[in-house]
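First comes the structure, then the notes that go with it.
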Amino acid sequence: MAEQLRWVLIIISVVVIGGLLIHGLWSVRKKDAPAATHDERVEPAAHQAPVERQSTPEPVSHNERDEPQFGDLSFSADEKQHSHADSFAEPEQETTSEVDDVATAADSNDAVVTEQEPEQPVASDFIIVHIQMPEGLNMEGSKLLPAVNTLGFKYSDEGFFNRHLDPAGHGPVLFRLVNMYNPGTFDIDNMEQFSTAGVSLFMTLPCDGDGLAAFNMLHSAAKKLADEFGATILDSQREEMTVDSVREYVEKVRRFSV
């Protein structure tokens, strides 16, 4: 009896273990079946993703226009945009017509200026007066220096004596005194050893300030130096200065003073 009970227990155990094994295998297969189905569903989604990226090129075009290319700008054929562009085109035509009017007015002004140009001298000129010593005699530097200082001349770095608008040596230069002979300058540090056969006074036209007043000062200085050294006043042609020569100089100054 005991032996039969043992075999019954063994058989029950085998059945239970077999049932457990069968149940386990069935559970495993049940779990594997949804995973496979999920994989099969994921694969089409993975294949469709690149297709969706290719069908939307907008991000690519946006990256290409990070740096504006003004020459490549274009607009669509929308009616509102065309009307907007036309509204900007009209002022350009008005501006062009205004520029043409201004150019025409400028040409007419230029014509008026051209007609008036001959009335006013454009080029510069000079008034030159020479003070010539008699043959065989010279102006000594020791006597010339105090004479020019008395007349209000100031020595310049260029080696000339300048007569300024202000006798103190300030303001524009009205006229200059130079050596009549080469090198044309004076050595202020060696005036005691210096001598020359003549000096020259000259002024540039047009002159700063009152041109006639400046010429009168120049002519007066020339006469004083000539009297001081017993010299002769000569014109630009190195001929003796006459009343007619002075009048010609005055007329020239007046033309440049208009």
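Residue pairs whose Cβ atoms lie under 8 Å apart, sitting 6 or more positions apart in sequence or on different chains, and linking a residue in the stretch 232-246 that is at positive phi to a partner that is open to solvent by 30 Å² or more (accessible area, probe 1.4 Å) and outside any loop (DSSP other than H, G, I, E, B), are ARG238/GLN132.
Counting the residues of the stretch 200-253 that are open to solvent by 30 Å² or more (accessible area, probe 1.4 Å), hydroxyl-bearing (Ser, Thr, Tyr) and within 27 Å of PRO146 (Cβ to Cβ) gives 3.
Being over 22 Å from GLY136 (Cβ atoms), in a helix (DSSP H, G or I) and in contact with a helix residue (DSSP H, G or I) (Cβ under 6 Å, 6 or more places away or on another chain) is the filter here, so list the residues in the stretch 221-255 that pass it.
VAL253
Any idea which residue in the stretch 165-176 is most open to solvent (accessible area, probe 1.4 Å), counting only those that are of a type in the set (A, V, I, L, M) and in contact (Cβ under 8 Å) with a residue 40 or more places away in the chain? Please lay out each step first, then the result.
Filtering the stretch 165-176 for residues of a type in the set (A, V, I, L, M) gives 165, 168, 173-174.
Still in the running and in contact (Cβ under 8 Å) with a residue 40 or more places away in the chain: 165, 174.
On the way: LEU165: 100, LEU174: 10 Å².
Among those that are of a type in the set (A, V, I, L, M) and in contact (Cβ under 8 Å) with a residue 40 or more places away in the chain, it is LEU165.
No other residue among LEU218, LEU212, LEU177 is in contact with a helix residue (DSSP H, G or I) (Cβ under 7 Å, 6 or more places away or on another chain), assigned to a helix (DSSP H, G or I) and not β-branched (Val, Ile, Thr) apart from LEU212.
Just to check your reading of the model, which residue among ASN182, ASN162 is part of a loop (DSSP other than H, G, I, E, B) and either in contact (Cβ under 8 Å) with a residue 60 or more places away in the chain or under 47 Å from the mean Cα position of the chain (by Cα) (or both)? Give the derivation first.
Details: ASN162 fails: part of a loop (DSSP other than H, G, I, E, B).
Going through ASN182, ASN162 in turn, the sole match is ASN182.
The values are calculated or read from the model by the stated rules, or taken from the named source; none is laboratory data. Computed from a prediction, not measured in an experiment: that's the story for all the values here. Reconstructed Cβ throughout: ideal geometry from the backbone, glycine too, with neighbour counts over all protein chains shown. These accessible areas exclude ligands, DNA and RNA; they are computed on the full protein's heavy atoms, side chains included. Shrake-Rupley method; radii C 1.70, N 1.55, O 1.52, S 1.80 Å.
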